[in-house]
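Single-structure report; data block below.
The numbers here are math on the coordinates, done by the rules we state, and not lab data. This is a predicted model, so every value here is computed, not measured. As a convention, Cβ positions derive from the backbone with ideal geometry for all residues, glycine included, and neighbour counts pool all protein chains shown.
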């Protein structure tokens, strides 16, 4: 469901062993984060962090490619963007590859050769959002889309085919057997669960003074505004952590981008407006009168029925791409290399709007400093084995073992931990913005056997 539809429906470092899994506490609620003062404070900290960013090289023989998953264009009535627009915005945002996930619309085949391969330096990989999955088979499987789930998974993953469990909040008990991985963050979930600030947005759109503030926020702090609801994806991470105990599962980010959050207020008469998005027909928009929002009379003054009184574009593709990204470590920018790396788990998720995470590494090393495993790999447990991370910025770091925090550090761009037991280890990095820690990076696990 589109976010617009939801609005309408609701109108110096100390490392220590941590005794429990404690998420950093928040200082501001989402409605507070939406204010101009809070957005400016976040923006100022983002600017400061970018000024101290350290350029780090990728591991020898590997490249760090920014990839987008769960991306829609020209594939449904509620999708507002086009493929040429997506390409232009990918170039603008520095994206290397887009794994398309067309809404399944038989008899149209989503394996479309016109948008497969490199286009102006951006690699496109066809795929579909279907049956609760993001799928990227190697070739057309149009005649096998109705197979039972277990057989369907085998069909999709044949060769270097990929399949990821999607929208975890809707299917928390779904089996992960046979899957390539799953979404570990989805921007849509942050919005869907937060009716309070969505209502606040709706109210801003129907008051001239608040609308002016919102338009100013879009102009000055667009990335910060799109990210104001971003939270720790506990439901997603719990599913991932429990699944990786028995399965190797690659975690990816779900942008779930459609470029459909272009909010509009349309005049009906001097006392009435329609509130919705550019993809909503009039009969699906919310009718609001001046009885409830007195500022509507000021907005309609001097205008005529049918006029667009406000238009706020919240999610152009380039902004959605910066909001969250899946970084894939691969040898080259081609479909075969990216597919192989994703199957192997050589990837991490990052909110690059906060700071470009390119160069982040998380590896297992022996005492001689030689890496024996990177994200997604298995490492044999032995005395002196260490988990080592390097980041482009000093950060608050949490080391997780099978969903439990076992160590943390604060204010360092490097991290080291001596492994004492087998297990599944992943790392989180958080950055402080406007006085509160926000999640920045989620590594894929290293499996210590």
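Summarise the long-distance tail of P(r) for segment 232-356 by giving the % of C-alpha pairs beyond 22 Å.
58 percent
Can you give the translational diffusion coefficient of segment 262-313 in µm²/s, computed by Stokes-Einstein from the Kirkwood radius over Cα pairs at 25 °C and 0.890 mPa s? Intermediate values should be presented prior to the final figure.
Values: Rh = 10.7 Å.
Value of D from the Cα-based Kirkwood radius: 229 µm²/s.
Between residue 193 and residue 304, what length in nm is gained on full extension when 0.36 nm per residue of separation is reduced by their alpha carbon distance? Intermediate results must be reported in sequence, preceding the final value.
Numbers: separation 111, 0.36 × 111 = 39.96 nm, distance 3.62 nm.
That pair, residue 193 and residue 304, stretches by 36.3 nm at full extension.
Can you divide the C-alpha Rg of segment 297-449 by 2.2 N^0.38 Å and report the result to two decimal places? Before the final figure, lay out each step's value.
On the way: Rg = 21.0 Å, N = 153, 2.2 N^0.38 = 14.9 Å.
Against the empirical 2.2 N^0.38 Å value, I get 1.41 for segment 297-449.
Stretched out fully, how many nm does the piece from residue 381 to residue 37 gain, at 0.36 nm a residue minus the Cα gap?
Numbers: separation 344, 0.36 × 344 = 123.84 nm, distance 4.96 nm.
Roughly 118.9 nm would be gained on extension.
Can you give the extra length, in nm with one decimal, that the chain gains between residue 282 and residue 388 once fully stretched, where that is 0.36 nm per residue apart less the Cα-Cα distance? Present the calculation step by step, with values, prior to reporting the outcome.
Values: separation 106, 0.36 × 106 = 38.16 nm, distance 5.51 nm.
Here the segment from residue 282 to residue 388 would lengthen by 32.7 nm.
Determine which residues of segment 219-237 fall in the zone a paramagnetic label at residue 47 would reach in this model, i.e. backbone nitrogen under 17 Å from the point 7 Å along Cα→Cβ.
219-225
Could you tell me the distance between the Cα centroids of segment 316-356 and segment 372-423, to the nearest Å?
Spelled out, the Cα-based centre of one part sits 21 Å from the other.
On average over all directions, what projected area in square nanometres does the chain have, based on the convex hull of its Cα atoms?
Values: hull surface 87.9 nm².
Result: a mean projected hull area of 22.0 nm².
Starting from the 7 Å offset along Cα-to-Cβ, what nm value, one decimal, do you get for the label separation of residue 131 and residue 118?
Spacing of the two 7 Å Cα→Cβ label points: 3.4 nm.
What Kirkwood Rh does segment 176-302 have if only Cα atoms enter the pairwise 1/r average? Answer in Å. Don't skip to the answer; put the middle values down first.
On the way: mean 1/r = 0.0582 Å⁻¹.
One decimal place: 17.2 Å for the Kirkwood radius.
Just grab the label-to-label distance for residue 404 and residue 269, each label 7 Å out from Cα along the Cβ direction, in nm (one decimal).
Calculated label separation equals 6.6 nm.
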